[in-house]
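The values are calculated or read from the model by the stated rules, or taken from the named source; none is laboratory data. Please read these numbers as outputs of a predicted model, since none were measured by experiment. Using ideal geometry, Cβ is built from the backbone for each residue, glycine included, and neighbour counts are taken over all protein chains shown.
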Amino acid sequence: MRILAIITGDYGRRHADNIRQHAPAGWQMEIWQAPTALPPFIDYPEDYVPADLPPADLVLAFQEHKGVAELIPDVCQASGARAVVAAVDNETWLPRGLARQLRGWLADDGVACVTPKPLCSLTENDYLEARRKRIPYDNPLIAEFARYFGQPRLRLAIDPASREITNAEVLRDACCGCARHAAAGLIGITVDEAEFQAGMLHHHFPCLASMGIDPDFGDTLMHVSGNLLRDDVAEQVKPWKQINYLRPV
């Protein structure tokens, strides 16, 4: 699969570097450093999109400027991409109205587009758009990407005697590499501490999702992202946790 990542700063760079380092054999990734000095209204997107972008099957939009998001249809046209993953880790970088427009513009061009909010809610079948609202999709290119990068999935091995985590295999990493970081940090942690430690490892990675309250969730996207990882860990350690009951005197 040929991937073109759009970046404008450190947020996108970290995502692109992690994907490039851990992508399956056969994936090819190119990076386009998009301009950040853009007018409030872009009348001629072709003035900002190079005509010689490398050919791609999938575009990953990690921009930190909403004006760059408006260039994505022209990026697809120039690169030949047929699918887009446009991250929503900050409402100011891709506002919900623009995300809706972007999906419509690309659909008119025959290009599939998902806008996971946060980015690490993406699975092979759907993604979060708001609290308790997952949006299904059906596209083999995006699903193939989401097999490896998206909503974190770990496989924990637990010692029955000590109830400590002895191994944490990354089945699906977050695009930024946070799940891989958390997996390494969970080794040797008891099941009673694992959920809390997963949240702390996520927070201190650090997660770069927005720390402002998002109206679609009533929470910060950083907390939503952290809860996705915590929930995965909590489900696996639940059978091993000890429950202490208080006996009335």
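Miscellaneous remarks
- If only residues of the range 118-137 that are among the charged types (D, E, K, R) and not in a strand (DSSP E or B) are counted, the one that is nearest to Gln151 (Cα to Cα) is Glu124.
- Which listed residue is farther than 29 Å from Leu60 by Cα and buried (at least 20 other Cβ atoms within 10 Å of the Cβ), from Val233, Val191, Val224: Val191
- Taking every residue in the range 174-190 that is within 22 Å of Tyr127 (Cα to Cα) and at pLDDT 95 or above and pairing it with any residue that is of a type in the set (Lys, Arg) and surrounded by fewer than 19 Cβ atoms within 10 Å (Cβ to Cβ), at least 6 positions away or on another chain, the pairs with Cβ-Cβ distances below 6 Å are Cys176/Arg14.
- All of Tyr48, Tyr44, Tyr11 fail the test of being surrounded by 17 or more Cβ atoms within 10 Å (Cβ to Cβ), over 27 Å from Cys207 (Cα atoms) and either among the aromatic types (Phe, Trp, Tyr) or without any contact (Cβ under 8 Å) to a residue 12 or more places away in the chain (or both), apart from Tyr48.
- Set Thr36, Thr92: member being over 24 Å from Ile213 (Cβ atoms) and at pLDDT below 95: Thr36
- Condition check for Val59: of a type in the set (A, V, I, L, M), in contact (Cβ under 8 Å) with a residue 60 or more places away in the chain and either touching a strand residue (DSSP E or B) at 6+ places or on another chain (Cβ under 7 Å) or loosely packed, with under 14 Cβ neighbours inside 10 Å (or both): no
- Residue match in the range 86-97 (condition: of a type in the set (A, V, I, L, M), crowded, with 20+ Cβ neighbours inside 10 Å and more than 16 Å from the chain's Cα centre (by Cα)): no
- Qualifying residue in the range 233-246 (condition: under 15 Å from the mean Cα position of the chain (by Cα), free of Cβ contacts under 8 Å to residues at least 40 places away in the same chain and under 27 Å from Ala130 (Cβ atoms)): no
- Tally of residues being among the polar types (S, T, N, Q) and either buried (at least 24 other Cβ atoms within 10 Å of the Cβ) or part of a loop (DSSP other than H, G, I, E, B) (or both) across the range 98-117: 1
- Which numbered condition Ile243 fails, given (1) modelled with pLDDT of 95 or more; (2) assigned to a loop (DSSP other than H, G, I, E, B); (3) β-branched (Val, Ile, Thr): (1)
- Reported count of residues in the range 144-157, each being out of contact with any helix residue (DSSP H, G or I) (no Cβ under 9 Å at 6 or more places or on another chain) and surrounded by fewer than 18 Cβ atoms within 10 Å (Cβ to Cβ), is 3.
- Taking the range 158-205 as the range and being among the β-branched types (Val, Ile, Thr), farther than 13 Å from Trp240 by Cα and in contact with a helix residue (DSSP H, G or I) (Cβ under 8 Å, 6 or more places away or on another chain) as the test, only Val170 passes.
- Residue tally, condition crowded, with 16+ Cβ neighbours inside 10 Å and within 25 Å of the chain's Cα centre (by Cα), over the range 158-172: 3
- Filter pass, Arg13 being farther than 18 Å from Ala174 by Cβ, among the charged types (D, E, K, R), at pLDDT 95 or above and touching a strand residue (DSSP E or B) at 6+ places or on another chain (Cβ under 6 Å): no
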